[in-house]
Ligand code: AMP
Ligand code: MG
């Protein structure tokens, strides 16, 4: 399949033309990759089961993993969801547009393919100007998972979307930096109190300012899916994984550095190439490995933003193993550690 690729500059007339063209393609049942403030999305008309099926095929995504729909305006929510609770309305008022998805009761206009047969649907209003323009031009709700081959780290850069999806989609639009770099916070609003199914940039603390009994689904930070069944079907799948093995070294920072250097030496003895995910504070303390800093430990948002791209960069370098420092599980750190734990398959060494 021929894939048209454009990289948009903000505010230019050309950009508007391209978004109009892409919006029309979505309306006609085609696939369009576009940037958002979380990660790049692979979009199709959420009302059109045939179009949505193509998303699952292009990504190699399991059919039982439902998609999130994206809307541009508050008025649109009522068209696709019903029995919207007061809690959900308060959350929308507070955090939309932005990196938050609400699970709501689905209206039948949304294809069952989009919701993977569930009676609920995830709805998000992105803050990305490109994304919202595209949605408005398409005139339909856009179902969009991350624009990567299923299982791989989500793309936060147009090049990564091209790597994974060129030839499998109709249009790839680039242009905006993904401000957060991790997928949206998912909140189940079909239950009371509301429950966070996936941590993201809208943190538990932020949600609790609006809904003080909100809690995080205990299943999401656990390895075993037999003991704890995650309520978001997608959270049971292997995710965010680069080709190299990922190991997390967790505990006191000084001991972490010592342990990582010790493990590196073992791998070197085995003729293995090692990548280290470090931070500005530690990056000069490692030897005999390819070291990339995610950013300063004082700036957890930059660390989140760089996480997926760094995992992919290590794949480009063809390292055999990636050793990562751990981060404190508070605020946005919960989301970072959730993605990191999954990319490592919960291979954690405590020091
Ligand atoms: P992704 O498209 O990769 O961002 O993943 C979307 C996530 O939202 C997956 O973990 C899905 O299982 C979850 N999700 C989507 N719709 C629903 C729903 N109706 N109920 C619960 N989880 C959902
Ligand atoms: Mg994804």
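Read the figures in this text as sums done on the coordinates, not as results from a lab. It should be emphasised that the depicted structure is a prediction, and the values quoted were computed from it without experimental measurement. Reconstructed Cβ throughout: ideal geometry from the backbone, glycine too, with neighbour counts over all protein chains shown.
Quick look at the values:
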{"quantity": "Listed peptides 40-46, 184-190, 341-347 by packing density, highest first (mean Cβ within 10 Å)", "calculated": "40-46, 184-190, 341-347"}
{"quantity": "Contour excess over end-to-end distance, with Cα ends at residue 191 and residue 208 and 0.36 nm allotted per residue", "calculated": "4.6 nm"}
{"quantity": "Most to least packed among 20-26, 210-216 [average Cβ atoms within 10 Å]", "calculated": "20-26, 210-216"}
{"quantity": "Convex hull of Cα atoms in the stretch 57-125, direction-averaged projection (nm²)", "calculated": "4.8 nm²"}
{"quantity": "17 Å cut-off, amide nitrogen to a point 7 angstrom out along residue 252 Cα→Cβ, residues in the stretch 324-351", "calculated": "326, 349-351"}
{"quantity": "In degrees, nearest ten, helix 333-343 long axis to first principal axis of the chain (Cα)", "calculated": "80 degrees"}
{"quantity": "Angle in degrees between helix 49-59 and the longest Cα principal axis of the chain, rounded to the nearest 10", "calculated": "10 degrees"}
{"quantity": "Antiparallel DSSP beta bridges within the chain, percent to nearest 5", "calculated": "35 percent"}
{"quantity": "Prolate/oblate/rounded label for the stretch 121-269 (Cα gyration tensor, a/c 1.5)", "calculated": "oblate"}
{"quantity": "Inter-probe distance in nm under a simple model that places probes 7 Å from Cα toward Cβ, at residue 272 and residue 20", "calculated": "5.5 nm"}
{"quantity": "Length gained when the stretch residue 5-residue 27 is fully extended (0.36 nm per residue, less Cα-Cα span)", "calculated": "6.1 nm"}
{"quantity": "Simple label model, 7 Å out from Cα along Cβ direction - residue 64 to residue 107, nm", "calculated": "3.0 nm"}
{"quantity": "Estimated distance in nm for a label pair at residue 136 and residue 265, the labels positioned 7 Å out from Cα along Cα-to-Cβ", "calculated": "6.1 nm"}
{"quantity": "Reference-scaled alpha-carbon Rg (2.2 N^0.38 Å with N residues) for the chain", "calculated": "0.98"}
{"quantity": "C-alpha long axis of helix 300-316 to longest principal axis of the chain, angle in °", "calculated": "80 degrees"}
{"quantity": "Zero-based 10 Å bins, Cα pair distances in the stretch 1-151, whole percents", "calculated": "12, 44, 35, 9, 0"}
{"quantity": "Pairs of Cα atoms farther than 28 Å apart, the stretch 209-351, %", "calculated": "19 percent"}
